[in-house]
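First up is the structure itself, then whatever we jot down about it.
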Amino acid sequence: MTTTTPPASPTTAAFFAQAVISFGVSLLAVGLAIIYLPADPWVRGFLALAVLYVVTSAFTLAKCVRDRQESTAVVSRVDQARLDKLLAEHDPFKVDA
């Protein structure tokens, strides 16, 4: 039987790790800003910018998770198609001459 390697992931492990770390750093930045900074107008602007950073990092993380799930699903579909083909071609009553 022929073995095949799964298709390459559209995101590298480094990009995935960077997205996770970025999400954690941005969440920490917002938490620290809310706890330690006084509530002046410039502070609210900083918090708005930090929340924007959290949101964009969350989108990046969601994209990485989605891409990883899609690549797993493609491999599963290919494996299922191969199995279906083998089962369709198999004739248990065929006698080899």
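Below is a table of values for the structure above.
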{"item": "Residue within region 33-43 that is in contact with a helix residue (DSSP H, G or I) (Cβ under 6 Å, 6 or more places away or on another chain) and modelled with pLDDT under 80 present", "result": "yes"}
{"item": "Among the residues listed as Ala73, Ala88, Ala39, the single one being among the aliphatic types (A, V, I, L, M) and in a loop (DSSP other than H, G, I, E, B)", "result": "Ala39"}
{"item": "Top-ranked residue of region 42-97 - restricted to ones that are farther than 30 Å from Gly31 by Cα and either touching a Cys at 6+ places or on another chain (Cβ under 7 Å) or among the acidic types (Asp, Glu) (or both), ranked as surrounded by the fewest Cβ atoms within 10 Å (Cβ to Cβ)", "result": "Asp96"}
{"item": "Residue list for region 11-30, restricted to those being touching a residue at least 12 places away in the same chain (Cβ under 8 Å) and not in a helix (DSSP H, G or I)", "result": "Thr11"}
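The values are calculated or read from the model by the stated rules, or taken from the named source; none is laboratory data. Note that the structure is a prediction, hence the values are computed from the model and not measured. Here the Cβ is made from the backbone with ideal geometry for all residues, glycine too, and neighbour counts use every protein chain on show.
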